[in-house]
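Heads up: the structure comes next, in structure tokens.
The values are calculated or read from the model by the stated rules, or taken from the named source; none is laboratory data. Everything numeric in this text was worked out from a predicted model, so none of it was measured. Glycine gets a Cβ as well: all are built from the backbone with ideal geometry, and neighbour counts include every protein chain shown.
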Amino acid sequence: MGLEDRERYFRDGDARVLKGEDPREAFGDAYPALRALVVALADNKFVLGRRYGEWACSGPTLEASVSAAAMAGDEMGHARALYPLFREFPDAPKALERETDRDDIHRAAFLGRSLPSWPAFIAANALFDLALSTLIESAVDSAYAPLRHPMKKILQEEAFHHEHATGWMEALAGMPGARAETEERVREIWPEALGWFGPDDDETLARAAAAGIVADDAGALATRFVAAAEQVLEPLGALGLPGPGALDWSGWDPARRRLVP
Amino acid sequence: MGLRKGNAAKPSGSVYDVFAKTRKEQALHHIGDVLAPGKGLAKAYAYQMYQESTWHDMLAVPRARIVTIVDDGESLPASVSSGSWVVCGRKEKAEPLELLGPIDAAGDLAAAAAEAFGEGWLELAAWPDGSAVVVLLDTEGKVR
């Protein structure tokens with residue numbers, strides 16, 4: 001092992017796979033789970049950035065518009081930090097530069113169209129962005145070392161996305177003209193955000209957790225997401241949103257990690 | 001329909017003045033302001049509005065809490081309850097307001113500020129210690 005390799009091992013602690021090494025050999029049966037999670041995360045970030053960006057000139061205040069633009073830039077940046085990892089996966093799809101680049105974009109169904117209102121933007125920010133961050137948090141000490149650095153940087157920026165969502169949820173809950181629609185958008189996006197983790201026995205996350213690619217399986221991630229989401233949604237009061245056990249999983253697409261066809 | 005159509009529920013808000021610095025050894029200086037309905041959004045907006053530099057520290061101070069001590073070279077009466085205050089000032093119009101440091105004031109804020117930081121200020125203002133929202137603290141450039 002050369003000096004550079006030793007330095008990388010020192011820096012990456014107990015990681016099993018370093019940059020430039022073939023993850024298929026190290027992870028074996030868990031390799032498809034690694035690839036599936038990275039592809040779904042990158043594609044969802046890419047498209048979420050696009051949807052945020054559509055509000056860069058039309059938020060309810062100047063600050064809201066600038067924040068939408070900044071968060072769009074962040075999400076696109078997160079996707080661009082993840083796409084280079086595709087080069088490590090021989091069977092990965094093409095990295096996206098445009099939404100039309102592939103027919104099989106691994107994104108949530110609601111991200112296939114524009115967010116129709118500011119409450120819809122905030123619901124996506126509060127729930128779906130949070131769901132992605134919950135998985136990212138679980139990968140900061142991943143056994144797949146190339147994931148570690150982007151995950152930490154992404155989480156630093158996501159802390160401000162979370163502040164944005166929390167502040168706006170509070171503001172919208174206090175606006176008679178917007179509260180009802182905010183509740184409606186939350187109900188729409190909730191199953192897709194919670195559905196991101198899959199059913200409790202989701203094989204992809206189970207294998208990824210067993211291999212140390214992420215720290216938690218689907219059930220643990222969903223539990224953590226629900227607890228965090230309840231705090232953000234607290235200004236709206238009790239909405240009676242369904243837990244993972246109450247979702248209809250008949251349309252679950254494990255390849256694209258989405259609940260709604 | 002939501003806010004885009006009709007914009008029926010535009011939130012009111014308060015102005016927060018944003019102070020930041022790019023290096024540890026620099027003084028925090030005024031870089032702009034944001035309008036936000038609460039502290040959480042003020043924090044998010046300050047971070048997202050002012051991304052032109054890699055900031056080491058950033059604060060957002062509610063303007064309603066800022067007491068003007070000197071305005072355009074003229075001292076203003078500023079009687080305050082005793083406590084710790086954070087003072088900022090500038091001597092030239094072309095300079096931004098710069099954070100000078102904390103003082104303990106009991107009654108006459110102007111006298112306490114003059115004693116601590118001298119005379120000849122074009123603008124001098126202060127806010128109660130603890131009233132600022134911390135946006136970034138000692139990031140060592142890790143966050144943009």
field: Conditions (1) farther than 22 Å from A:Phe46 by Cβ; (2) within 14 Å of chain B (Cβ to nearest Cβ); (3) touching a residue at least 60 places away in the same chain (Cβ under 8 Å): number failed by A:Arg224
entry: (2)
message: Pull out all pairs, ordered by first then second residue, where Cβ-Cβ is under 7 Å, the residues are six or more apart or on different chains, the first lies in the range B:22-33 and is under 18 Å from B:Val86 (Cα atoms), and the second is among the basic types (Lys, Arg) and at pLDDT 95 or above.
response: B:Ala27/B:Lys21; B:Leu28/B:Lys21; B:His29/B:Lys21
- request: Please give the number of the condition A:Leu111 fails out of (1) touching a Phe, Trp or Tyr at 6+ places or on another chain (Cβ under 9 Å); (2) within 13 Å of chain B (Cβ to nearest Cβ).
  value: (2)
Any chance A:Ile122 is away from chain B (no Cβ under 14 Å), β-branched (Val, Ile, Thr) and assigned to a helix (DSSP H, G or I): no
task: State all residues of the range A:214-253 that are aliphatic (A, V, I, L, M), under 26 Å from A:Tyr31 (Cα atoms) and assigned to a helix (DSSP H, G or I); if no residue qualifies, say none.
output: A:Ala218, A:Ala220, A:Leu221, A:Ala222
- prompt: In the range A:161-183, how many are in contact (Cβ under 8 Å) with a residue 12 or more places away in the chain and not basic (Lys, Arg)?
  reply: 15
message: As an exercise: evaluate A:Ala70 against (1) over 24 Å from B:Lys43 (Cβ atoms); (2) in contact with a helix residue (DSSP H, G or I) (Cβ under 6 Å, 6 or more places away or on another chain) and give the number of the one condition it does not meet.
response: (1)
task: Just give me the residues in the range A:169-201 being surrounded by fewer than 18 Cβ atoms within 10 Å (Cβ to Cβ) and more than 12 Å from chain B (Cβ to nearest Cβ), in sequence order.
output: A:Arg187, A:Glu188, A:Asp200, A:Asp201
- prompt: Of the residues A:Arg98, A:Arg107, A:Arg51, which single one is of a type outside the set (Val, Ile, Thr) and free of Cβ contacts under 8 Å to residues at least 12 places away in the same chain?
  reply: A:Arg98
- request: Check whether at least one residue in the range A:138-151 is more than 22 Å from A:Ala222 (Cα to Cα), assigned to a helix (DSSP H, G or I) and facing chain B (nearest Cβ under 10 Å), and report yes or no.
  value: no
message: Taking the conditions exactly as written (farther than 22 Å from A:Ala79 by Cα, buried (at least 23 other Cβ atoms within 10 Å of the Cβ) and small (Gly, Ala, Ser)), does A:Ala139 satisfy them or not?
response: no
message: From the list A:Thr166, A:Thr204, exactly one residue is in contact with a helix residue (DSSP H, G or I) (Cβ under 6 Å, 6 or more places away or on another chain), crowded, with 17+ Cβ neighbours inside 10 Å and at the interface with chain B (Cβ under 8 Å from one of its Cβ atoms). Which is it?
response: A:Thr166
- line: Checked the range A:87-119 for anything among the charged types (D, E, K, R), more than 18 Å from the chain's Cα centre (by Cα), in a loop (DSSP other than H, G, I, E, B) and over 15 Å from A:Met76 (Cα atoms); matches are A:Asp91, A:Lys94, A:Asp101, A:Arg102, A:Asp103
- request: For the range A:113-129, name all the residues that are surrounded by fewer than 20 Cβ atoms within 10 Å (Cβ to Cβ) and either in contact (Cβ under 8 Å) with a residue 24 or more places away in the chain or among the acidic types (Asp, Glu) (or both).
  value: A:Ser114
- request: Using the structure shown, decide if A:Pro235 is touching a strand residue (DSSP E or B) at 6+ places or on another chain (Cβ under 9 Å) and of a type outside the set (D, E, K, R).
  value: no
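Report yes if A:Pro191 is farther than 23 Å from A:Gly237 by Cβ and either in contact (Cβ under 8 Å) with a residue 40 or more places away in the chain or part of a helix (DSSP H, G or I) (or both), otherwise no.
Taking the combined requirement at face value, the residue does not satisfy it.
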task: May I ask you to say which residue of A:Pro254, A:Pro261, A:Pro242 is surrounded by fewer than 17 Cβ atoms within 10 Å (Cβ to Cβ) and in contact with a strand residue (DSSP E or B) (Cβ under 8 Å, 6 or more places away or on another chain)?
output: A:Pro261
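Per-residue answers, yes or no, for (1) in a strand (DSSP E or B); (2) among the small types (Gly, Ala, Ser); (3) surrounded by fewer than 17 Cβ atoms within 10 Å (Cβ to Cβ); (4) away from chain A (no Cβ under 11 Å):
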position: B:Ser12; (1), (2), (3), (4): no, yes, yes, no
position: B:Asp17; (1), (2), (3), (4): yes, no, no, yes
position: B:Gln26; (1), (2), (3), (4): no, no, yes, yes
position: B:Ile31; (1), (2), (3), (4): yes, no, no, yes
position: B:Ala42; (1), (2), (3), (4): no, yes, no, no
position: B:Glu52; (1), (2), (3), (4): no, no, yes, yes
position: B:Val61; (1), (2), (3), (4): yes, no, no, yes
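Looking at A:Ala69, A:Ala64 in this structure, which one is without any contact (Cβ under 8 Å) to a residue 40 or more places away in the chain, part of a helix (DSSP H, G or I) and within 14 Å of chain B (Cβ to nearest Cβ)?
A:Ala69
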